[in-house]
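Derivation of every value follows stated rules applied to the coordinates shown; laboratory data play no part. Just so it is clear, the structure is predicted and the values come from calculations on it, not from any experiment.
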Amino acid sequence: MTDRSCGLYRTGKALTSAPELVPEGTLVFFHNHSEQGVPVVLLPETNTDNVWSFTSEGHPVQDDAFLSALIPLLPEGFYVATEDFTLPRGRLIREQTLMQLGYNRLGIPIVFLPERQGNALAFPARGFRADGLDLDTLIWPVSIPEPEPHEARVLH
């Protein structure tokens, strides 16, 4: 039925079987497989540290037009700017700026810029809209390792 990969999408049209629950312009997590045997979309439920958790109950998708209208989104996470660019409200982002990418419930990208707090960086809960930009070409993912348990750290 679909060649879409599992991941984050913005709906380009309402889900025919549940237009009031999954309208056009909604952030969804799409699974091309499910226990029901058909693809499903999950809706955002809670946002913690600028990352969405999605509902466990999926809405079955049996509408090829809905699938074709899904707009793929970059994964939430940490990125660096590959070049200077300006956000829609005029905020300049310099090349190599570290940022966190998230989304609002409408699937609009939000850029969170870190704030220095002593020897740490903290990402605020409020960011800057980045709609209308080709983020695929403007940012590159970076890996930030998870900390080891405190006992395993070697101090020198």
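Here are some notes:
- Surface/4 of the Cα convex hull for segment 1-83, nm²: 6.3
- Compactness ratio for segment 77-141: Cα radius of gyration over 2.2 N^0.38 Å (N = residue count) comes to 1.06.
- Each residue of segment 28-36 is assigned a 3J(HN,Hα), and the resulting list reads 9, 9, 9, 10, 7, 8, 6, 5, 6 Hz, derived from the Karplus form 6.51 cos²θ - 1.76 cosθ + 1.60 (θ = phi - 60°), x at Gly and Pro.
- Under the Debye formula (equal points on every Cα, no solvent term), log10 I(q)/I(0) of the chain at q = 0.08, 0.15, 0.20 Å⁻¹: -0.29, -0.86, -1.22
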